[in-house]
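Have a look at the structure below, then the notes.
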Amino acid sequence: MKFLEYPGMDAINSALNFETPECKVFGRVEPYSCKAAGADKKLYKQLENKYDPTSNTNILSPPEDDSIRNIISPFGPMDQPASRKTLFYLIGTLNASFPDYDFSDTKPEHFRKEPSVGIVVNSINATLFNHGNERVVKDLQIWESIDQLIGLEDSDVYSFNPDTDSDPNDEEGGGTLWSFNYFFYNRKQKRIIYFTMRGVSNGVPVDEDGEEDDGNFSNTDDDQDGVGHRRKRSNVDDDFVAGDMDMS
């Protein structure tokens, strides 16, 4: 996934990080192109091998084959290329947004297709207004900027709803009170906008980069390797193949 530079987002992302009497709020909006870079090649092959019943490396017995075809996902049947590609894009976006972690084991059921863009926009606006930050919507016109980037009318929205120990916004002991992770996905433009926010208890120390410091970061999730669990990357660049992939 290729991060897209958009100067108009700088002021918006700065304004999405603020403090209230109840909590500190950290948010960001990140645009990505679905043109997969070489760093995504391993992930794409891994997901194809896992969910494509016809893959040469995925030799399955009939019951296993049926189980893949019967997987209920927000993207559609996982034996279909379009469904697998959407899962790949969303996991790839998480990997790009949280480069210290590996989300390749995340399952389709950790995502949800939202009923409409309007419902999500209203929900996010309510969160901002309730925390006293109307400026992002009214003055900085966040939705106008996002619409210019992705075309909201033609986009689907997916949310990431991981288990507690899989949530990138909730380090162990991090004091996260609430969080959300939304992906606005325009298939025609082949773009994704990742919009994430979280509220952190005021009692939690925050380092200079705006991240929670629980005093035990070195031990958080390094050894987790379960279904849908984030895993701390280790020498991750050694596994990547340089160059771009055409995912069209």
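Go through the residues of the stretch 125-140 one by one and say whether even a single one is of a type in the set (S, T, N, Q) and either open to solvent by less than 20 Å² (accessible area, probe 1.4 Å) or under 26 Å from Asp79 (Cβ atoms) (or both). Checked the stretch 125-140: at least one residue is of a type in the set (S, T, N, Q) and either open to solvent by less than 20 Å² (accessible area, probe 1.4 Å) or under 26 Å from Asp79 (Cβ atoms) (or both). Residues of the stretch 23-36 that are within 16 Å of Leu90 (Cβ to Cβ) and out of contact with any helix residue (DSSP H, G or I) (no Cβ under 7 Å at 6 or more places or on another chain): Ser33, Lys35.
Which one is farthest from Ser159 (Cα to Cα) among residues in the stretch 79-94 that are in a helix (DSSP H, G or I) and open to solvent by 20 Å² or more (accessible area, probe 1.4 Å)? In this case the residue turns out to be Pro81.
If you go through the stretch 121-138 one residue at a time, do you hit one that is farther than 16 Å from Met197 by Cβ, out of contact with any His (no Cβ under 7 Å at 6 or more places or on another chain) and modelled with pLDDT of 95 or more? Checked the stretch 121-138: at least one residue is farther than 16 Å from Met197 by Cβ, out of contact with any His (no Cβ under 7 Å at 6 or more places or on another chain) and modelled with pLDDT of 95 or more.
The values are calculated or read from the model by the stated rules, or taken from the named source; none is laboratory data. The structure displayed is predicted, hence computed values, not measured ones. Every residue, glycine among them, receives a Cβ derived from its backbone with ideal geometry; neighbour counts consider all protein chains shown. In case anyone asks, the SASA skips ligands and DNA or RNA and just uses the protein heavy atoms, side chains included. Shrake-Rupley method; radii C 1.70, N 1.55, O 1.52, S 1.80 Å.
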